[in-house]
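The values are calculated or read from the model by the stated rules, or taken from the named source; none is laboratory data. Note that the structure is a prediction, hence the values are computed from the model and not measured. Quick reminder, even Gly has a Cβ in these numbers, built from the backbone with ideal geometry, and neighbours come from all protein chains shown.
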């Protein structure tokens, strides 16, 4: 057999070619790489928790109010003593509506357009310059009243920064005042949940027993839809299709999701929040989860396309609503999105949160918050348990399908799954119409059917 060693100078090009070929086919056939956990640095810089909100100018001021205020304070404002006529025809201030007798020339802007300044409101503008549409109010620094300049624009917020070198914050702390303006209403954020009901479970000819067993195979045992289909055929001699089982699960999750908030959920005052990743149609999505530190039950879950501050704020808002103005300790990792969420909760939701952050998987004696690491480990163990159920799916085929599995697993984990730490019983109990505990999917389906009537 002919054999010959490859020359050394060819080894590196050959290895590079093999590596590039592997990476090409890995991406082509969707090899299961972990997502990139890197976050941009736009989350790392924002105001101190003690900084006030900016002065926001939503509407134009009225020059008559300015004159009346000055008259009240004994400081009458006289019209401009003009030596030369205005070179550009202008009738009034574009900000407060002051007549042109209160306007004076103020040089030219960088593009050569004549500028004017109003003596009353100090507004500067160039009348002949083409105007750009303004889609946000004017934000002013609360320390110096200087208009904030746009620093960065991100998908869910825009960062503004005070660039005034005479600002008292800059002079005293050598830090610029920053403000993050979100492009969504924080008070209207809601947890993700299925938004459709493909079939009416009450009119299925298979009956609640078959439906409950399908849910049991799919959620409780962690089988895939096709494995659940085969298990039903082998165990009970019925053969609904995988799509039918999927319709059952989505419809049940759709009906149960609004009632999760009504179920009994004892709270200990310690909440651990973290996120893990799952794949939907070949793309990574992030599952934010909040777990009670003492009871180990799931408080809330939110599925998001991005690992960003909006997802963190959404689940934190749900925790705040659950606690109903009671204080709690929030335990998270060092991801800056959680600090941004805590900051947003204080500013917009008027809630002060005791936030404890832990770095990495191992203890750090220099961190005073290390006593809270056991609570962080609880949520890591939950993700391990959930991934054991999720791994057979590899990738969900739709966003609603993923939400369905997450919603039903939360109910199963809290109210149906036997836990060794609770003497092989569920940590929480749902009571039926007659006060009896609900211990199976069949009883849960009957309960939801009766409560919907």
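Read through the list (1) assigned to a helix (DSSP H, G or I); (2) surrounded by fewer than 19 Cβ atoms within 10 Å (Cβ to Cβ), then give the number of the only condition that residue 326 fails.
Among (1) assigned to a helix (DSSP H, G or I); (2) surrounded by fewer than 19 Cβ atoms within 10 Å (Cβ to Cβ), residue 326 violates only (1).
Here is a check on your reading of the model: is residue 310 buried (at least 17 other Cβ atoms within 10 Å of the Cβ), in contact (Cβ under 8 Å) with a residue 12 or more places away in the chain, out of contact with any strand residue (DSSP E or B) (no Cβ under 9 Å at 6 or more places or on another chain) and under 25 Å from residue 254 (Cβ atoms)?
Considered against the rule, which asks whether it is buried (at least 17 other Cβ atoms within 10 Å of the Cβ), in contact (Cβ under 8 Å) with a residue 12 or more places away in the chain, out of contact with any strand residue (DSSP E or B) (no Cβ under 9 Å at 6 or more places or on another chain) and under 25 Å from residue 254 (Cβ atoms), residue 310 comes out as no.
Out of 316, 287, 267, report the one residue that is closer than 23 Å to residue 416 by Cβ, touching a residue at least 24 places away in the same chain (Cβ under 8 Å), within 16 Å of the chain's Cα centre (by Cα) and buried (at least 16 other Cβ atoms within 10 Å of the Cβ).
Selected residue: 287, the only one of 316, 287, 267 that is closer than 23 Å to residue 416 by Cβ, touching a residue at least 24 places away in the same chain (Cβ under 8 Å), within 16 Å of the chain's Cα centre (by Cα) and buried (at least 16 other Cβ atoms within 10 Å of the Cβ).
Looking at the range 334-377 only, could you name the residues that are modelled with pLDDT of 85 or more and in a loop (DSSP other than H, G, I, E, B)?
Those that are modelled with pLDDT of 85 or more and in a loop (DSSP other than H, G, I, E, B): 334, 335, 349, 350, 351, 352, 353.
Which residue is surrounded by the fewest Cβ atoms within 10 Å (Cβ to Cβ), if the candidates are limited to the range 392-425 and must be outside any helix (DSSP H, G or I) and free of Cβ contacts under 8 Å to residues at least 12 places away in the same chain?
Per the stated criteria, the residue is 423.
Given the conditions (1) under 30 Å from residue 155 (Cβ atoms); (2) touching a helix residue (DSSP H, G or I) at 6+ places or on another chain (Cβ under 7 Å), and given that residue 248 satisfies all but one, which numbered condition is not satisfied?
Looking at each condition in turn, residue 248 falls short on (1).
Taking the residues in the range 39-63 that are at pLDDT 70 or above and in a loop (DSSP other than H, G, I, E, B) as candidates, determine which candidate is surrounded by the most Cβ atoms within 10 Å (Cβ to Cβ).
Going through the qualifying residues, I end up with 54.
Which ones in the range 75-93 are surrounded by 13 or more Cβ atoms within 10 Å (Cβ to Cβ) and within 16 Å of residue 64 (Cβ to Cβ)?
77, 79, 92, 93
In this structure, does residue 131 turn out to be more than 30 Å from residue 68 (Cα to Cα), free of Cβ contacts under 8 Å to residues at least 12 places away in the same chain and within 35 Å of the chain's Cα centre (by Cα)?
The answer is yes for residue 131.
When you scan the range 151-241 for helices (runs of 4 or more DSSP H) that lie fully inside it, which ones turn up with 1 or more residues that are touching a helix residue (DSSP H, G or I) at 6+ places or on another chain (Cβ under 7 Å) and surrounded by 14 or more Cβ atoms within 10 Å (Cβ to Cβ)?
Here the list reads 207-215, 225-236.
Any residue in the range 358-379 that's more than 20 Å from residue 337 (Cβ to Cβ): show its pairings with residues that are modelled with pLDDT of 70 or more and part of a helix (DSSP H, G or I) at Cβ separation under 7 Å, as long as the two are six or more apart or on different chains.
Qualifying pairs under 7 Å: 363/370; 363/373; 364/370.
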